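Below: the structure, in structure tokens.
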Amino acid sequence: MVTRRQFLATIASAPYFSTLLTNVAVAKSVSRTVDAASMRFGYAAITWGSAVTQAIDDIAAVGFRGIQLRGKAFAQFGDRPSELRDLLQRRSLAFAVLSSGNLSIDPAREGEMLSTHVRHAQFVRDAGGTYLQVIDERPKGRAVVSDDYRRLGQMLSELGKRTADIGVPLVYHHHMNSTGEKPHEIRAVLDAADSRSVRLLFDVAHYQQGGGDPVDALREYRDWLEVIHLKDVRAGGAGGSRGTGQGYEFVELGRGRVDLPAVFAALRDVNFAKWAIVELDRVPDPGRTPKESAEMNKRYLIEQAHQTI
């Protein structure tokens, strides 16, 4: 009579059991790959400045699937959005996000602010784009007070309702030198906002430079996340030093102090499957072109982060 122990030993040594274990391992590996590849990767045109069409050509040539454009695109194509839409289609680029500029909470400018950003949302819609991004202006000449966070959250919500009526979701980009700079400030703004009308564009490097842990924040804001900015930051440079000597500089992925492997793990954990935009404000090192920096960022995504572009 075969004992239970003998039966299990026989099964464990059988070829089919080894094959089964291999198949399970492969399935888990495929699952991880699918999770990691579920994001759609785009690239921000900010590095090219006013050279909008060159940015479109280069980003498409490097192989990214989408693009984030800035106000320069509105200045050049604002009266002919179909021309921009056709150009992007020829380059096989999705128009993921338009950076719509700053949102001032000055009551005297509220009408102007809402009108400007709604007009930009109409442009996004007509050019075949998806999201409208706004950054806020930190009050000048005085400290930020709690009412500023409340007012900003309310203005974002009102603007978001108006852009939603057009068919363009609004995303709020927390940013250095803005009201939503530090972690507690971002929290206060979002606490005052309606998540049905405004969503979060989470920038891992701005959050890091603002004094927070982007990995923890990705989990904290998992229900707010709509777009991710992937970027890196290192100490030094003139950015945001405010005379303190504590400057910073945005750099290509993997060259700064953001824990990007942990960022990708957190994005997988929260099942993020929307646009992840690689952004580099300017080329940090002399002699390199924006396209070369984009190629460096792509190599990082593929070779170090094991992503599929």
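Taken together, the values in this text are just the output of simple stated rules run on the coordinates, not laboratory data. Since we're looking at a predicted model, the values are computed, not measured. Quick reminder, even Gly has a Cβ in these numbers, built from the backbone with ideal geometry, and neighbours come from all protein chains shown.
Worth a mention:
- Ignoring lysines fewer than eight residues from Lys72 along the same chain, the ones with Cα atoms less than 20 angstrom from its Cα are Lys291.
- Mean-position separation - Cα centroids, region 218-237 and region 87-144, in angstrom: 19
- Summarising the strand pairing of region 40-304, around 15 percent of its internal DSSP beta bridges are antiparallel.
- Counting 0.36 nm for each residue step from Arg268 to Ala108 and taking away their Cα separation leaves a gain of 53.3 nm.
- Cα gyration tensor, region 167-309 - rounded (a/c under 1.5), prolate or oblate: oblate
- Normalised per residue, the volume of the convex hull around the Cα set of region 99-213 (Å³): 92
- About the centre of its Cα atoms, region 257-305 shows a dipole size close to 100 debye [charges on the beta carbon of Lys, Arg (+1) and Asp, Glu (-1) only; nearest 20 debye].
- Relative packing of peptides 297-303, 54-60, 269-275 - highest average C-beta neighbours within 10 Å first: 54-60, 297-303, 269-275
- P(r) tail, region 40-304: Cα-Cα pairs separated by more than 35 Å, 10% of all pairs.
- Additional length obtainable on full extension of the chain from Arg299 to Arg222, 0.36 nm per residue less Cα span: 25.0 nm
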